[in-house]
Amino acid sequence: MSGADREGRNEALDVERSLVVRAQQGDREAFSELAFLMGDRLLTIAQRILRDVDLAEDAAQQAIVSIWRELPKLREPERFEGWSYRILQNACRTEIRRERRSMPMELHRLPVDAASGDPALSLADRDELERAFRQLPLEHRTVLVLQHYLGLTLEQVAERLEIPIGTARSRSHYAKRSMRAALEADARTGNAGARSA
Amino acid sequence: MSGTTNVPRDFDRLLDAWLDEGPNLYADRVVGSALAQVESVKQAQPLWPPRWMRREPSAVPRAFALVLAVTVLLVAAIGVGIVGGFIRLNPQPQPGPTTDQDVRLPQELVFDADGFSVVIPNGWQQVSTTDDGVWRFEGGDPPGQLTVSFGDSIIASGVVAICHLGSCEQEEIESQVPYDETRSLGQLQVVINVRLDPELNTQPGLADATLGGLAAEQQAEVAGGRRHLYVYAIHESRPIVLYWSVPEASFTETELLALVDGFTFIDPPPASSPIPGIDEEYVEITDAAGGYRMLVPYAWEESGAQEPEGTASVRSFGSAVDYGHAALTITVGELDGSIWLCGAGGCDLHVVNTLAELEEAIVSEPTDLPGVQVIHVDTTLGGEPARIERLDTGGFIWGPPAFYNIYTFHDGRPVVIQLDNWTLTNELLGVGARNMILRSFTFLD
């Protein structure tokens with residue numbers, strides 16, 4: 001990160017912190033600004049975790065309402081970002097439960113723009129990744145999304161989620177091992193199919 | 001062709017690429033809906049003086065301040081002990097090891113009128129009568145606590161006390177229309193999670209549970225040498241929270257199981273519903289002056305609107321989100337066709353004799369936004385040919401307000417139902433509620 005980038009990031013954090021403090025005092029205007037500031041980020045993370053846009057919208061909306069309600073209890077405003085991820089994680093859990101109670105989870109592959117999709121990913125990869133990811137516990141999905149979508153290091157993931165670094169490592173390791181196993185199993189099945197054909 | 005799967009190539013890169021592929025999402029609509037919801041949500045009270053109210057650290061070194069504080073407390077405690085006789089200066093022998101008679105056997109306490117029975121360890125007792133929806137029990141040595149908080153219906157206020165150690169705090173579980181129990185349970189989960197650990201530094205052990213035959217959740221953690229356990233559920237739209245706190249050393253699974261398994265809801269015998277077969281989220285209203293009957297969402301209270309002259313009946317319900325008018329207004333005019341019609345700009349008296357004239361008199365809002373078109377659709381209302389006037393906003397809900405008008409004539413009298421789409425959307429009512437309201441509309445004759 002260049003000096004200018006770092007400076008920009010620090011300025012953004014200062015703005016966010018100041019909005020958090022004002023919102024903690026009940027300033028709805030500040031909260032509105034804060035909500036628009038974090039909205040895209042929360043929605044996108046929720047979508048990556050839940051793999052469903054509708055559920056993600058519900059989760060993000062509920063998370064924003066919870067953040068407003070619980071904000072006065074946050075002691076350290078500088079920890080807001082990670083705290084908001086944990087509220088979002090709770091909201092995602094609720095949405096998964098709602099979905100499970102209302103209907104069995106179905107596999108909806110997200111539309112991928114052929115032009116922008118990574119050519120290294122085959123259709124089978126996507127299916128298997130989707131399937132394996134959905135089998136993961138919510139906490140493991142969250143770690144993977146923060147690590148591989150937001151591009152955080154495991155130390156940063158641990159810091160944001162306020163979990164021990166060892167826990168972040170083991171969740172990431174376990175999650176990837178499960179997903180890799182699913183892909184390998186699929187590759188074996190495919191190869192066997194190709195041989196027998 | 002699954003045989004092309006590249007395993008075990010650089011899996012991290014594969015994962016990066018896959019997660020990156022999802023759609024770019026813009027949350028404006030979601031944030032707008034959340035903020036509209038936030039309008040009616042009260043913030044929780046801080047559990048400590050917030051930073052802006054805290055004093056700056058004093059110049060006294062912390063260690064010295066700590067020693068001073070401990071000394072003062074010790075002196076005070078000894079003083080109180082001597083005066084109150086709590087501290088024995090010549091200690092008596094401690095009780096011997098536990099005998100069979102000390103084994104804590106559960107006992108059931110039945111609260112018929114309050115709608116539950118609870119199992120508490122033998123020797124425990126209720127320590128206070130409740131006037132805040134909390135039943136408190138204590139016992140054991142060192143002492144343990146149990147509180148049972150039975151909140152108000154989520155459809156009404158949703159207030160429930162969340163207790164932790166000695167203090168209970170009122171929290172509000174927001175109403176959801178249509179009522180969504182899982183989401184309410186999720187909100188309760190967040191409230192309790194934050195109560196256990198405001199910074200959410202830890203994820204208290206979260207597990208599914210059963211309480212009185214209901215699907216419930218439990219969260220537990222060990223802190224300060226005590227085990228804190230919450231078991232919570234939603235019963236008949238009322239949040240219920242059991243909080244159990246015992247010294248970790250005296251925690252037993254048997255007591256926990258007895259507590260959770262022994263809890264029972266005592267439901268009153270079913271009474272005949274005033275509106276048989278109707279979804280309880282709605283209430284039926286009958287308007288003799290206007291000559292109709294219909295369903296209205298329970299959460300929308302009737303406002304005391306005054307009937308202007310020249311109109312047989314005006315009934316208004318709910319408060320439109322972010323705006324001063326009602327969420328739902330039903331206006332029935334007089335036989336001579338006179339009717340007061342209200343919009344965001346105020347009310348006007350019209351005299352109309354045909355559906356076309358009535359349509360002309362209705363002004364939908366907002367009309368001054370670019371790209372907004374007024375749409376008219378034929379329909380029926382209470383068996384009469386009717387029209388709908390609504391705005392096509394290109395899929396985006398402008399507002400507030402965003403009126404949806406349905407109007408007809410019945411026995412020569414103009415009838416207009418005005419719904420606020422903005423409120424329907426933001427209260428998550430949506431099309432289902434609109435259909436429920438309109439389909440239920442019946443003329444009394």
Seminar exercise, completed: Checked against (1) modelled with pLDDT under 75; (2) crowded, with 19+ Cβ neighbours inside 10 Å; (3) touching a Lys or Arg at 6+ places or on another chain (Cβ under 9 Å), B:Glu365 satisfies every condition except (3)
For this session: Return the total of residues in the stretch A:73-91 being closer than 20 Å to B:Val31 by Cβ and either polar (S, T, N, Q) or in contact with a Phe, Trp or Tyr (Cβ under 7 Å, 6 or more places away or on another chain) (or both).
Result: 4
Exercise. Restricted to the stretch B:155-183, and to residues that are under 12 Å from B:Pro239 (Cα atoms), at pLDDT 85 or above and more than 12 Å from chain A (Cβ to nearest Cβ), which residue is nearest to the chain's Cα centre (by Cα)?
Worked result: B:Val160
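Can you spot a residue in the stretch B:185-205 that is in a strand (DSSP E or B), closer than 27 Å to B:Pro121 by Cβ and modelled with pLDDT under 85?
So in the stretch B:185-205, the residues in a strand (DSSP E or B) come out as B:205.
Among the residues that remain, those that are also closer than 27 Å to B:Pro121 by Cβ are: B:205.
If we keep only those that are modelled with pLDDT under 85 as well, we get B:205.
Yes.
How many residues are outside any helix (DSSP H, G or I) and either of a type in the set (A, V, I, L, M) or in contact with a Cys (Cβ under 7 Å, 6 or more places away or on another chain) (or both) when one looks only at the stretch A:59-81? Full working, then the answer.
Kept after step one, since they are outside any helix (DSSP H, G or I), are these residues of the stretch A:59-81: A:74-76.
Within this subset, residues satisfying the condition of being either of a type in the set (A, V, I, L, M) or in contact with a Cys (Cβ under 7 Å, 6 or more places away or on another chain) (or both) are A:74.
Residues meeting the conditions: 1.
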Exercise. Residue check: is A:Leu138 more than 13 Å from B:Leu15 (Cβ to Cβ) and within 12 Å of chain B (Cβ to nearest Cβ)?
Worked result: yes
Seminar exercise, completed: Taking the stretch B:23-45 and the residues there that are at pLDDT below 80 and buried (at least 18 other Cβ atoms within 10 Å of the Cβ), the one that is farthest from A:Gly26 (Cα to Cα) would be B:Leu25
Exercise. If A:Arg180 satisfies every condition in (1) within 30 Å of B:Ala216 (Cα to Cα); (2) modelled with pLDDT of 70 or more but one, which is the exception?
Worked result: (1)
Seminar exercise, completed: Flagged in the stretch A:34-52 as touching a helix residue (DSSP H, G or I) at 6+ places or on another chain (Cβ under 6 Å) and within 8 Å of another protein chain (Cβ to nearest Cβ), in numbering order, are A:Ala35, A:Phe36, A:Gly39, A:Leu42, A:Leu43, A:Gln47, A:Arg48
Problem set entry | Positions within the stretch A:157-177 being surrounded by fewer than 22 Cβ atoms within 10 Å (Cβ to Cβ), on the phi < 0 side of the Ramachandran plot and in contact with a Leu (Cβ under 8 Å, 6 or more places away or on another chain), in sequence order | A:Arg160, A:Ile165, A:Arg169, A:Ser172, A:Lys176
Seminar exercise, completed: The residue from B:Val60, B:Val7 that alone is modelled with pLDDT under 65, more than 7 Å from every other protein chain (Cβ to nearest Cβ) and part of a loop (DSSP other than H, G, I, E, B) is B:Val60
Seminar exercise, completed: Within the stretch B:215-267, residues under 18 Å from B:Glu171 (Cα atoms) and among the hydroxyl-bearing types (Ser, Thr, Tyr) come out as B:Tyr230, B:Tyr232, B:Ser237, B:Tyr243
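Being more than 7 Å from chain B (Cβ to nearest Cβ), modelled with pLDDT of 90 or more and within 22 Å of A:Phe133 (Cβ to Cβ) narrows it down to one of A:Ala23, A:Ala63, so name that one. Reasoning before the result, please.
On the way: A:Ala23 fails: within 22 Å of A:Phe133 (Cβ to Cβ).
Just a single option satisfies the conditions, and that option is A:Ala63.
The values are calculated or read from the model by the stated rules, or taken from the named source; none is laboratory data. None of the values given here were measured: they were computed from a predicted structure. All Cβ positions, even for glycine, are placed from backbone atoms using ideal geometry, and neighbour counts span all protein chains on display.
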